[in-house]
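Engineer: Here you go, one structure.
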Amino acid sequence: MAADLTETTTAATPRFLAQLRPHQIVLGLFLLAYPLIASDFWIVQIGAQTLFLGLIGLSLMLLAGYGGMVSLAQMAIAGMAGYMFAIFGENSANLGLGWPWWLVLPTAILFAVAFATVTGFLSVRTEGIYTIMITLAIAVAFFYFCQQNYAIFNGFNGFAGLKPPQVFGVDWRAPYPFYYLALAVAALGYFGVLYLSRSTFGIALQAIRDNPRRMAALGFNVRAHRVAAYALAAVPAALGGLFLVWFNGRISPGTINVGAAINILVIAILGGLGRPIGPFIGALIFVLLDNFAIDLIARERFNLVIGGAFLAVVLFSPDGVLGLWDKLKRRLAKRGGA
């Protein structure tokens, strides 16, 4: 079994980038040209926000889609990176340590990975609904800890005045730089997860998802693989969390509350948990509804709109929008064959 995994990985890894389909290339070209045809609102509020929320959703997709572990702690992990950026960097309240950006960014990501590793160590001892509940408990505990701790996390107020570091003299919060930076990081996360899914570790993780007892009998350390998946999934979540902080210009306990944690689950399931592109599709739907729900229904009833969309997708396609697209392609193929 191990030999087969190695052979499959060796054959697939060098070629996965060359196997991009025409529609994927067209999508990539469109994303590159998008700022040239869009206003600042659509560039940042729709485009960039879709990309970094998709990154956080991608971390959940990695765990749930490839590992069979549904975690509600991914927004908390993203929030950990955001808080560490505020604490070790600079903020308007002068409560940060003022470290240089090249030290703050990796430190923030490392803290998020450590937090995710502890979360994984605690949650992999459970399965199914119990995994969901324990990750939710961790997310809620982190929320209340941040809200009640003033010495480190500045309590309810959190931190304001947060912005991307000035690198190469570029204002990375300006619409064009911010969008292209988000696009580059999102592409890195997408292809990284795609690569991981076809690596030895990724294939073993999917096999553990399908039959953990058999994989344990073959000599694989099931718990270690699952904990490692949590640690790896923390990287896109942390990167998305940093962009979320830069987008809002602040971070507070409200950024990581239960509603925000549920939103990431909704985003991942709306798009589809089967493929890395799914969370980005779900994020686009979520962001569009979030910004234009006021045109459909009262703004305070946004949860009703997104809940209805979520319910409709789950009822008609458990695999999300990607599942609906696959069904449509099969029907068209049958009609064409007939």
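The values are calculated or read from the model by the stated rules, or taken from the named source; none is laboratory data. These figures come from a predicted structure and were not determined experimentally. All Cβ positions, even for glycine, are placed from backbone atoms using ideal geometry, and neighbour counts span all protein chains on display.
Engineer: Of the residues Tyr179, Tyr195, Tyr230, Tyr190, only one is more than 27 Å from Tyr66 (Cα to Cα), touching a residue at least 12 places away in the same chain (Cβ under 8 Å) and outside any loop (DSSP other than H, G, I, E, B); which?
Structural biologist: On the way: Tyr195 fails: more than 27 Å from Tyr66 (Cα to Cα); Tyr230 fails: more than 27 Å from Tyr66 (Cα to Cα); Tyr190 fails: more than 27 Å from Tyr66 (Cα to Cα).
Selected residue: Tyr179, the only one of Tyr179, Tyr195, Tyr230, Tyr190 that is more than 27 Å from Tyr66 (Cα to Cα), touching a residue at least 12 places away in the same chain (Cβ under 8 Å) and outside any loop (DSSP other than H, G, I, E, B).
Engineer: Ala182 fails exactly one of the following numbered conditions: (1) more than 19 Å from Ile264 (Cβ to Cβ); (2) at pLDDT 95 or above. What is the number of that condition?
Structural biologist: (1)
Engineer: Checking Gly337 against (1) within 26 Å of Ala186 (Cα to Cα); (2) of a type outside the set (D, E, K, R); (3) at pLDDT below 75, which single condition isn't satisfied?
Structural biologist: (1)
Engineer: Return the residue satisfying two criteria in turn: it lies in the stretch 141-155 and is more than 25 Å from the chain's Cα centre (by Cα) and not polar (S, T, N, Q), and of such residues it is surrounded by the most Cβ atoms within 10 Å (Cβ to Cβ).
Structural biologist: First pass over the stretch 141-155, keeping only residues more than 25 Å from the chain's Cα centre (by Cα): 148-152, 154-155.
Going one step further and asking which of them are not polar (S, T, N, Q), we end up with 150-152, 155.
Working: Tyr150: 10, Ala151: 6, Ile152: 11, Gly155: 14.
Among them, the one singled out is Gly155.
Engineer: Are any of the residues in the stretch 235-245 surrounded by fewer than 20 Cβ atoms within 10 Å (Cβ to Cβ) and either assigned to a helix (DSSP H, G or I) or at pLDDT below 95 (or both)?
Structural biologist: First, pick out the residues of the stretch 235-245 that are surrounded by fewer than 20 Cβ atoms within 10 Å (Cβ to Cβ): none.
Checked the stretch 235-245: no residue is surrounded by fewer than 20 Cβ atoms within 10 Å (Cβ to Cβ) and either assigned to a helix (DSSP H, G or I) or at pLDDT below 95 (or both).
Engineer: Among the candidates Leu97, Leu103, which residue alone is surrounded by fewer than 19 Cβ atoms within 10 Å (Cβ to Cβ), over 12 Å from the mean Cα position of the chain (by Cα) and either β-branched (Val, Ile, Thr) or in a loop (DSSP other than H, G, I, E, B) (or both)?
Structural biologist: On the way: Leu103 fails: either β-branched (Val, Ile, Thr) or in a loop (DSSP other than H, G, I, E, B) (or both).
None of the others qualify; the one that does is Leu97.
Engineer: Would you confirm whether any residue within the stretch 251-262 is in contact with a strand residue (DSSP E or B) (Cβ under 8 Å, 6 or more places away or on another chain) and touching a residue at least 40 places away in the same chain (Cβ under 8 Å)? Spell out the reasoning first.
Structural biologist: Residues of the stretch 251-262 that are in contact with a strand residue (DSSP E or B) (Cβ under 8 Å, 6 or more places away or on another chain), as a first pass: 251-252.
Still in the running and touching a residue at least 40 places away in the same chain (Cβ under 8 Å): 251-252.
Yes; the residues of the stretch 251-262 include at least one that is in contact with a strand residue (DSSP E or B) (Cβ under 8 Å, 6 or more places away or on another chain) and touching a residue at least 40 places away in the same chain (Cβ under 8 Å).
Engineer: From the list Ile285, Ile262, exactly one residue is within 30 Å of Ile87 (Cβ to Cβ), modelled with pLDDT under 95, aliphatic (A, V, I, L, M) and in a helix (DSSP H, G or I). Which is it?
Structural biologist: Numbers: Ile285 fails: within 30 Å of Ile87 (Cβ to Cβ).
Being within 30 Å of Ile87 (Cβ to Cβ), modelled with pLDDT under 95, aliphatic (A, V, I, L, M) and in a helix (DSSP H, G or I) holds for just one of Ile285, Ile262, which is Ile262.
Engineer: Now for a separate question. Please pick out the residue among Ala78, Ala86, Ala64 that is touching a strand residue (DSSP E or B) at 6+ places or on another chain (Cβ under 7 Å), assigned to a helix (DSSP H, G or I) and at negative phi. I'd like the intermediate steps shown before the answer.
Structural biologist: Values: Ala78 fails: touching a strand residue (DSSP E or B) at 6+ places or on another chain (Cβ under 7 Å); Ala64 fails: touching a strand residue (DSSP E or B) at 6+ places or on another chain (Cβ under 7 Å).
One residue alone meets the criteria, Ala86.
Engineer: Residue check, Pro164 against (1) over 17 Å from the mean Cα position of the chain (by Cα); (2) surrounded by fewer than 17 Cβ atoms within 10 Å (Cβ to Cβ); (3) not polar (S, T, N, Q), all met but one. Which one?
Structural biologist: All conditions pass for Pro164, except number (2).
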